[in-house]
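The values are calculated or read from the model by the stated rules, or taken from the named source; none is laboratory data. Here the structure is a predicted model, which means the values were calculated and not measured. All Cβ positions, glycine included, derive from the backbone under ideal geometry; neighbour counts span all protein chains shown.
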Amino acid sequence: MIGMLVLAAIAVMIFFGLTDRFFSKMGVANWVAFLVVLAFAVAAVFPPLVTGGNVSFSYAGFFLPLLLGVVAMFALGANSSLLRALVGALAIAGITVASRIAIPPVEGYKSAIASILIVGFAGGITAFIIGQGRLAMLASVLCGVVLGDFICAMLFRFVTGATGTMFMLGQNGIFDSLVTAALVGGITLEIGNLIRRAATNRQAVPVAAQFEAGEDVKFDSTEKTVPADEEDDLFEDYFNDDVD
């Protein structure tokens, strides 16, 4: 339920163009992002795929996020962003395992909500801190939560000795945790960018005040100048946190 509500909120933001800057920095068109959200919503409606009698896979909580996470990892390329995404995925997997062991989501509705919120908020903030970029953040969330859920399923099945229970992947709140973590990570990243831009603008105010006051400002004649038509591109690259 939480995941569907969050998806609905994201779909509304995409429809009204509030996410244009966020997705454009990743090289993703708004309509593509809307299709991805729609795919998650449709996948969440389908019942889990049951194989082997006691093994079940969720489309929205396992197959789709795993596919998109792997695609995002390949899109990052072999650079420091990929390394940050991998480290972030491992950290989020650890958060997922710790949360679901401490508060098993199958014990009741309140436990499930607590587990979802812990993974969603802690995982989203961790993805922002480690990923430092939009695509790396999303890749670490998608792969990290799925990996953590897989580890938990293995622990519950083979370590605790619960061999009679069904081996379930992507269920019991994993879809809700995924969507919540992605939203929290994206919002935190945008807030961080706004704070950074505000700090840069404050640093530029004294220089502008000197010009308005008619004071002489000394410049080093040896400094390289940047053509006016390239200044905006340099400014955008500085604040594009997906570029190393």
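General remarks:
- Residue match in the stretch 60-68 (condition: without any contact (Cβ under 8 Å) to a residue 24 or more places away in the chain and out of contact with any strand residue (DSSP E or B) (no Cβ under 6 Å at 6 or more places or on another chain)): yes
- The residues on offer are A93, A114, and the sole one that is in contact (Cβ under 8 Å) with a residue 24 or more places away in the chain and either within 24 Å of F23 (Cβ to Cβ) or not basic (K, R) (or both) is A93.
- Lone unmet requirement of (1) surrounded by 10 or more Cβ atoms within 10 Å (Cβ to Cβ); (2) of a type in the set (D, E); (3) at pLDDT below 50 for D237: (1)
- Condition broken by A93, with the remaining ones in (1) out of contact with any Gly (no Cβ under 9 Å at 6 or more places or on another chain); (2) at pLDDT 80 or above satisfied: (1)
- All positions within the stretch 73-85 that are at pLDDT 90 or above and surrounded by 20 or more Cβ atoms within 10 Å (Cβ to Cβ): M73, R84, A85
- Of all residues in the stretch 130-151, those that are surrounded by fewer than 21 Cβ atoms within 10 Å (Cβ to Cβ) and either touching a residue at least 24 places away in the same chain (Cβ under 8 Å) or among the small types (G, A, S) (or both) total 3.
- Taking the stretch 116-128 as the range and being among the β-branched types (V, I, T) and either under 11 Å from the mean Cα position of the chain (by Cα) or crowded, with 21+ Cβ neighbours inside 10 Å (or both) as the test, the residues that pass are I116, V119, I125, T126.
- If you go through the stretch 17-37 and keep only what is outside any helix (DSSP H, G or I) and either modelled with pLDDT of 80 or more or among the hydrophobic types (A, V, I, L, M, F, W, C) (or both), you end up with L18, M26, V28, A29.
- Among the residues making up the stretch 112-136, those that are touching a Lys or Arg at 6+ places or on another chain (Cβ under 9 Å), within 16 Å of L83 (Cα to Cα) and in a helix (DSSP H, G or I) are I130, G131, R134, L135, A136.
- Residues of the stretch 28-72 that are surrounded by 13 or more Cβ atoms within 10 Å (Cβ to Cβ) and not hydrophobic (A, V, I, L, M, F, W, C): N30, P48, N54, S56, S58, Y59, G61, P65, G69.
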